[in-house]
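The values are calculated or read from the model by the stated rules, or taken from the named source; none is laboratory data. Predicted, not measured: the structure shown is a model, and the values here were computed from it. Glycine also receives a Cβ, built like all others from the backbone with ideal geometry; neighbour counts cover every protein chain displayed. The accessibility values were calculated without ligands, DNA or RNA, using every heavy atom of the protein model including side chains. Shrake-Rupley method; radii C 1.70, N 1.55, O 1.52, S 1.80 Å.
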Amino acid sequence: MPRCSSCSQDNPAGARYCNLCGAPLDHEADESRDERKIVTVLFADLVGFTARAEHLDPEDVREILDTYYARLRSEIERCGGVVEKFIGDAVVAVFGAPTAHGDDPERAVRAALAVRRPARR
């Protein structure tokens with residue numbers, strides 16, 4: 001589905017002009033944006049945190065999570081990863097996108113080992 005570079009409207013396959021703004025569609029530019037990459041995904045969460053959090057004030061939970069998020073983000077980025085999202089007490093990080101390295105799986109393992117250290121304190 002070609003996307004208009006002027007207004008970002010998705011257009012039907014085979015369209016030569018944008019159905020919204022009328023700009024000519026550049027099919028070659030649209031195809032060149034697609035890229036398949038092999039990535040390594042790291043998922044980590046705090047075991048037992050939900051049960052523990054049920055007995056804490058929301059402000060205390062937020063303070064613990066903010067500190068935890070900062071430490072995780074720091075370690076993941078130090079190892080060359082990108083934090084995609086935090087979900088409750090979990091983090092999802094990607095190694096190999098947007099920039100791929102030859103050792104992305106190793107970088108993810110190093111980050112996983114590093115994030116365990118702060119969680120044990």
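Not counting the cut sites, what is the longest span of the chain without GluC sites (Glu not before Pro) that DSSP labels loop and that have at most 15 other Cβ atoms within 10 Å? Walk me through the numbers on the way to the answer.
Numbers: sites that count: 35, 54.
Longest run free of exposed loop sites: 55-121.
For 113, 42, the ranking by accessible surface with the largest value first comes to 113, 42, using a 1.4 Å probe.
Measure nothing fancy, just the Cα-based angle from helix 104-120's long axis to the longest principal axis of the chain, in degrees from 0 to 90, nearest 10. Roughly 30 degrees, rounded to the nearest 10.
Projected over all directions and averaged, the alpha-carbon convex hull of the chain occupies 10.8 nm². Applying a DSSP loop filter and a limit of 16 other Cβ atoms within 10 Å to the trypsin sites (Lys or Arg not before Pro) in region 1-100 leaves 16, 36, 37.
GNM remark for the chain: springs join alpha carbons under 10 Å apart, and the peak mean-square fluctuation among 104, 60, 89 falls on 60.
If you place +1 on the Cβ of every Lys and Arg and -1 on the Cβ of every Asp and Glu, how big does the dipole about the Cα centre of the chain come out, in debye to the nearest 20? Don't jump to the answer; show the numbers that get you there.
Details: 17 positive and 21 negative charges, 86 e Å.
Approximately 420 debye in magnitude.
When the accessible area of the chain is split by element with a 1.4 Å probe, what percent falls to carbon and sulfur?
Details: 4190 of 8410 Å².
Of the solvent-accessible surface of the chain, carbon and sulfur hold 50 percent.
At a probe radius of 1.4 angstrom, the accessible area of the chain per residue rounds to 70 square angstrom. Pairs of Cα atoms nearer than 8 Å and 6+ residues apart set the relative contact order; for the chain it is 23 percent. Considering only 111, 90, 13, the Gaussian network model of the chain with Cα springs below 10 Å gives its largest mean-square fluctuation to 13. Considering helices alone, the calculated mean residue ellipticity of the chain at 222 nm is -13000 deg cm²/dmol, with DSSP H runs of length four and up weighted by -39500 (n - 2.57) and normalised per residue. Could you tell me how far the Cα centroid of region 73-114 sits from the Cα centroid of region 1-26, in Å? What the calculation gives is 36 Å, centre to centre.
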